[in-house]
1. So which strands (runs of 3 or more DSSP E) stay within segment 149-206 end to end and still have 2 or more residues that are surrounded by fewer than 20 Cβ atoms within 10 Å (Cβ to Cβ) and assigned by TED's automatic domain parsing to the domain that holds Asp243?
2. Between Ala2, Ala99, which is at pLDDT 95 or above and over 21 Å from the mean Cα position of the chain (by Cα)?
3. For segment 34-47, give me each residue that is surrounded by fewer than 19 Cβ atoms within 10 Å (Cβ to Cβ) and either over 22 Å from the mean Cα position of the chain (by Cα) or assigned to a loop (DSSP other than H, G, I, E, B) (or both).
4. Just checking, does segment 62-70 include any residue being modelled with pLDDT of 95 or more and under 30 Å from Ser257 (Cα atoms)?
5. Sort out which residues of segment 309-323 are assigned to a strand (DSSP E or B) and either at pLDDT below 75 or within 15 Å of Glu108 (Cβ to Cβ) (or both), and write them in order of number.
6. Which pairs turn up if I take residues in segment 16-29 that are under 12 Å from Arg65 (Cα atoms) and look for partners that are in a helix (DSSP H, G or I) and modelled with pLDDT under 95 with beta carbon separation below 6 Å, at least 6 apart in sequence or on another chain?
7. With the checklist (1) within 12 Å of Leu255 (Cα to Cα); (2) of a type outside the set (Ser, Thr, Tyr); (3) part of a loop (DSSP other than H, G, I, E, B) in hand, flag the one item Val227 doesn't pass.
8. Starting from segment 255-270, take each residue that is at positive phi and list its partners that are hydroxyl-bearing (Ser, Thr, Tyr) and surrounded by fewer than 21 Cβ atoms within 10 Å (Cβ to Cβ), counting only C-beta distances under 8 angstrom and pairs at least six apart or across chains.
Amino acid sequence: MAIDGKEEASAVWQDREIRFDVHPSHLDMRSGELEIDSINAVEDTKGNNGEKGSLSITNLRLIWRAQRSTRTNLSIGYNCVLSINVKTASSRLRGNTQALYVMTKFSETKFEFIFTNLVRGSPRLFTTVQAVFRAYDTSKLYRDLKLRAAIVKDKTLMLLPKEQVYNKISGIWNLSSDQGNLGTFYATNVRIVWHANLAENFNVSMPYLQIKMIRIRDSKFGPALVVETSRESGGYILGFRIDPAERLNDVYKELLSLHKVYSVTPIFGVDFTVEDRPEPLAAVTVGKSADDVEIVSGLEEDEATDTLSAYYADSNKTSDREPVYNSDLGLAVEKLRDGVTPKMLWSVI
């Protein structure tokens, strides 16, 4: 008989989705989400030019609300962000001024957001958003499943900030191959980690955030601890043999307890402190690799299309353009839009 124990955390969509004009309750802070800063006078220059609103910067996303109606809003998860730049934009409320450009990718669609601070001489919008996103992008081990990562040194787990090891167990077999691999198992307040004793780079780091199910079931090696991860993290099913049976049950119960505690008070790993001096605005770019996620807009189809079209990064482009030879680059590239040159694309204001 298999012993099942399903301990799923409430789905965390806040950092992995972009939502437009949602019910105000969707903008409330979820468990573990913290509002780092709030700026009252910010214009959504791309989609609502001339519309004054407020921008909340949390450890998971950017939230913009229009002043006249809270139903006009944006929720932009950091996991969708490709780059953040400071460039000049044309604002109805400020004229030509520096603005924050946020390039994102949600599913297979790229969206561009432009935010203008209506308070003259204040760099808060630029410096805070860039710093918080940088903290998010450098703390992925708290939130993403990793295989063969640099997480073990000299047979010791390299702990994350605020991570605590609750149990370290030697002699645990990973059942991913026919013969199994002997290694060491860690249970912390953030994740489950296993690494092979003979090859430290053969390892897996599984944050509780990405664990869908923990259970005990029969295998060809006998009763095994089975950890199933979320579809977003690859939907892995990983088996571990722990002897004797009493020890297996103890580890199983401990992991269920740790996962349950984490689900109530998740640790997302985004630490942020306000710096005394803001960073210079010129030539500041923060980039990351693109991730694919599924879009959930919460709108009727026609309404969603109208709202989203204002934020398309290239609203007139429905398919890739034909390649042409560019003498400036000496390469064949996709044909650019009329009036656009390679120099303009590489220029950062």
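The values are calculated or read from the model by the stated rules, or taken from the named source; none is laboratory data. What you see is a predicted model, and the numbers here were worked out from it, not measured in a lab. Quick reminder, even Gly has a Cβ in these numbers, built from the backbone with ideal geometry, and neighbours come from all protein chains shown.
1. By residue number, 165-174, 181-188.
2. From the options Ala2, Ala99, the qualifying one is Ala99.
3. Leu34, Asn40, Ala41
4. no
5. Once the filter is applied, which keeps residues that are assigned to a strand (DSSP E or B) and either at pLDDT below 75 or within 15 Å of Glu108 (Cβ to Cβ) (or both), segment 309-323 yields only Tyr312.
6. That search, which allows pairs on different chains as well, returns Phe20/Thr307; Asp21/Thr307.
7. For Val227, the exception is condition (3).
8. Gly269/Ser139
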